[in-house]
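Just so you know, all these numbers are worked out from the coordinates, no wet-lab data involved. A quick note: this is a predicted structure, and the numbers were derived from the prediction, not measured. Here the Cβ is made from the backbone with ideal geometry for all residues, glycine too, and neighbour counts use every protein chain on show.
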Amino acid sequence: NQEWVSPVLNTTADGALYFSVLDMIRWEEALAGRKLLSKAAYDHMWTPVKLNDGREQRYGFGWALRHVNGFKVIEHGGAWQGFKSFIARYPDRGLTVIALANSENANPARLGNGIAEAIDPAVKPKPMKDPEPERTAGFRKVIEDILAGKPDEKRFSPRLYRALSDPNDRLIAYLRTIGPILKFELLERTDIGEAVLYKYAVEFESMNVIVEIGEDKKGIIGYLELQPE
């Protein structure tokens with residue numbers, strides 16, 4: 001599944017664990033029942049951290065934190081030596097989804113989120129009122145330019161521009177085959193440090209895609225992710 005990794009790297013606590021789905025269910029039961037740590041420790045673990053300048057980040061103590069349709073989501077993924085995992089907890093809905101994969105090319109986060117939305121449609125992201133329609137229109141043009149093979153170098157960080165200019169990118173090549181963009185709707189807008197992360201639901205002629213765009217205060221896009229919905 002992946003190239004050789006030195007066994008020495010399997011001696012730390014951040015991975016290389018052997019467990020089953022049943023083990024993960026027991027762990028989730030312990031988390032939900034708050035059986036392992038003090039209340040203060042759990043509150044600290046699941047509260048967004050504040051930086052020295054007062055800004056808030058979407059991360060607690062070892063967990064990524066966000067909201068979808070007003071519901072709290074506590075989640076994290078992992079990857080090591082050809083295996084991937086993802087857990088998403090929706091405490092307001094009494095729902096937890098755990099996805100395990102034995103392929104380096106798997107996307108357990110997409111799988112886990114899709115399962116959660118199928119079980120509980122209330123956690124499927126809904127378009128929000130767009131406070132910046134002009135910026136959204138600009139981002140739509142950015143995506144259209146990328147799919148046309150003409151990304152605007154001035155809009156991107158050097159690293160991202162090099163990646164977008166790769167003629168062998170399979171995802172972009174595939175998206176070019178599914179027709180024009182029909183809808184481009186804002187799902188989330190989150191301030192993260194010096195940047196803002198935007199998430200859009202994009203409807204093409206023959207499929208839907210989730211697009212995440214990270215833009216800094218200078219209008220430079222340093223993060224872009226496209227995932228089939």
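Given Cβ point charges of +1 (Lys, Arg) and -1 (Asp, Glu) and nothing else, what value in debye, to the nearest 20, does the dipole of the chain about its Cα centre take? Intermediate results must be reported in sequence, preceding the final value.
Values: 31 positive and 33 negative charges, 70 e Å.
Around 340 debye, computed over the chain.
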- Query: Looking only at Asp43, Asp216, Asp53, which one moves most when the chain is put into a Gaussian network model with springs between Cα atoms under 10 Å?
  - Reply: Asp53
- Query: What angle do you read, to the nearest 10 degrees and between 0 and 90, between the alpha-carbon axis of helix 108-119 and the longest principal axis of the chain?
  - Reply: 80 degrees
- Message: Bins of 5 Å, beginning at zero and ending with the bin holding the largest distance: percent of Cα pairs per bin for region 31-79, please.
- Response: 5, 19, 23, 26, 18, 8, 1
- Item | Of Leu51, Leu197, Leu95, the one that fluctuates the most in a GNM where the chain has Cα springs shorter than 10 Å | Leu51
- Task: Specify the inter-centroid distance of region 166-217 and region 63-114, based on alpha-carbon positions, in whole Å.
- Result: 20 Å
- Task: Please compute the Cα-Cα pair-distance distribution of the chain with 10 Å bins starting at 0, giving whole percents from short to long.
- Result: 7, 26, 33, 25, 8, 0
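Reported to two decimal places, what Rg/Rh ratio describes region 133-228 when computed on Cα atoms with Rh from the Kirkwood expression? Could you put the intermediate results ahead of the total?
Values: Rg = 12.7 Å, Rh = 13.5 Å.
Across region 133-228, the Cα-based Rg/Rh ratio is 0.93.
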- Note on the structure: Excluding residues fewer than 8 positions from Lys217 in its own chain, the lysines with Cα under 28 Å of it are Lys50, Lys72, Lys126, Lys129, Lys141, Lys150, Lys154, Lys183, Lys199
- When the chain is treated as a Gaussian network with springs between alpha carbons less than 10 Å apart, the largest mean-square fluctuation among Ser206, Ser20, Ser157 is found at Ser20
- Item | Added length on full extension, which subtracts the Cα-Cα distance from 0.36 nm per residue, Leu182 to Asp152 | 8.6 nm
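Quick check on packing: order 182-193, 161-172, 105-116 by the mean number of other C-beta atoms within 10 Å, highest mean leading. Provide the component values of the computation, followed by the final result.
Working: 182-193: 15.1, 161-172: 12.4, 105-116: 18.0.
In decreasing order of mean packing, 182-193, 161-172, 105-116 become 105-116, 182-193, 161-172.
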- Note on the structure: Among Phe86, Met45, Leu100, the residue whose Cα sits farthest towards the positive end of the charge dipole of region 7-123, when +1 is placed on the Cβ of each Lys and Arg and -1 on the Cβ of each Asp and Glu, is Met45
